[in-house]
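Read through the structure below, which is laid out as structure tokens, and then see the notes.
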Amino acid sequence: MTLLKQFTGWATDSNRTPKQMFQRLRCRFLLTYLTVMATVLGMSSIAVYVFFTRSHEQHLNNQLLTLAQAAVPSLNAVKTEGLQSVNQDLPWRELFKRDQSLEWFDANGKILARKGKIFSTLPLKRTNQNIQQQGQIRTLTIAVYSDSQSSVLADSLQRLELEGYIRANESTKEIESAIARLVIGLGIGNAIALIFMAIGAVLLTQQTLEPIEKSFQRLKEFTADASHELRNPLTAISTAIEVMQSHPERVHPSDAKKLVAIASATDQLVSLSEDLLFLARTDAVVAPPAGWKYLYLNEILYNVVELFKPYAQEKGIVLKLQLIPSILVNSEPAQLKRLFANLVDNALKYTITGGSVIISMVQQKRCVVVRVEDNGVGIAPEYLPFVFQRFWRVDKARSPQTKGLGLGLAIAQTIAHQHSGKITVSSTLGIGSCFQVYLPTA
């Protein structure tokens, strides 16, 4: 359902051709898939990293605690006989297989003796048990209490007399090296996994969108075929009506108005079929076809204005021209004329009597901008994103006096895209609208 909504939203995007819409959809699928998979891989890697580091840190802490606890019975001997008393065959002496060390302190925190390879320079913390880290040295300190029989840990008999402290030290180089190898391994593994996922995402995206693209192509073909096939019967109807209207003596007066309505509806259907056929045939065009030529844009605009002058005079609207001569564009004359004819016709439809429509040109670096500006009814801001959509019209504009099918602006934009240009619109409700056509210059 989400896919359908996304596709529908992009399919109605008036600023993109069907090819661009599918390309955007393909990129969105690919990026979404890779983002999800990268997130899963990242979270998994973080979980592995946290579990690995905490497990090794806990293991190291347990080793230090075991070493310190093994040295508890020797504290009194160190106090009385010195370090030589711990050089005997004591139970904990086999624990010095790594970079480890032991330190004995009295109850005031004064160092009594030390044994091992590495030592911390951190001051002694006089608490029952604490863990400290200095660079690559981890330390664990425990307090030792005594009774009349033996020395025991503070955790078991905290009401007894403090005898001193024992601090065990061990290097963390081995753990840090293992963590570094883990990070490198996770990084390489994730990179390889993402490469294979990207390949799979491309194939999956292609398989997912292929049926949609085929359906869209079939829809375009159906639209083109249906529009083409409608032309013949509509032409026959139009011809028959013209013949009947050319012999009014054969038509009952009460049927004359019906013939006019039928003729108007037929003309509207003919126009609709031609517009649909044009859109269906030009959707996929990405390059100018053979036969295009360089034309002076001001001549095309002048011809369009001359075409609409009678209509403008009939409505009491002033048509103004502000042209720049000698600007060449590469185009097909009929299509470019149709583009501006649609814009001028649209401006005249929605401009009230006494208003004006201005057609002007502005030259920029590599393009020319044609502005069709009116002081008509305008368009509400919330409707501006939809004005180029096919068959879209503002409900308030749908009236018997305002003819149209909502395809004029869509056709204008399609022609602009064919000419490697674009159309933008700005409008204020009750003040007027301005359509700007950007075309590359020769």
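Computed from the coordinates by the stated procedures, all read-outs in this text should not be read as laboratory data. What you see is a predicted model, and the numbers here were worked out from it, not measured in a lab. Using ideal geometry, Cβ is built from the backbone for each residue, glycine included, and neighbour counts are taken over all protein chains shown.
Annotations
- Restricting the range 294-332 to GluC sites (Glu not before Pro) that sit in a DSSP loop and have at most 10 other Cβ atoms within 10 Å of their own Cβ leaves nothing.
- Proximity of backbone amide H atoms, modeled 1.01 Å from N, is registered between residue 441 and 367, 368 at under 5 Å, excluding neighbours fewer than 5 places apart on the same chain.
- Under 17 Å from the residue 130 label point (7 Å along Cα→beta-carbon), backbone N, the range 106-123: 106-111, 120-123
- For residue 356, the amide hydrogen comes within under 5 Å of the amide hydrogens of 318, 375, counting only partners 5 or more places away or on other chains and with H modelled in the peptide plane.
- Each peptide in 64-74, 34-44 gets a packing score, the mean of other Cβ atoms within 10 Å over its residues, and the list from highest to lowest is 64-74, 34-44.
- Label-to-label distance for residue 65 and residue 50 is 2.2 nm, based on points extended 7 Å past Cα in the beta-carbon direction.
- Here's the picture: charge each Lys and Arg Cβ at +1 and each Asp and Glu Cβ at -1 in the range 328-386, and of 357, 384, 369 the one pushed furthest to the positive end of that dipole is 369.
- Using θ = phi - 60° and Karplus 6.51 cos²θ - 1.76 cosθ + 1.60, couplings along the range 25-30 (whole Hz; Gly, Pro as x): 4, 5, 5, 5, 4, 4
- In nm, spacing of pseudo-spin labels at residue 428 and residue 322 (7 Å Cα→C-beta vector): 1.6 nm
- J(HN,Hα) series, the range 130-135, from Karplus relation 6.51 cos²θ - 1.76 cosθ + 1.60, nearest Hz, glycine and proline x: 8, 10, 10, 10, 10, x
- Low-density loop positions, trypsin sites (Lys or Arg not before Pro), the range 328-394 - DSSP coil, at most 11 other Cβ in 10 Å: 365, 366
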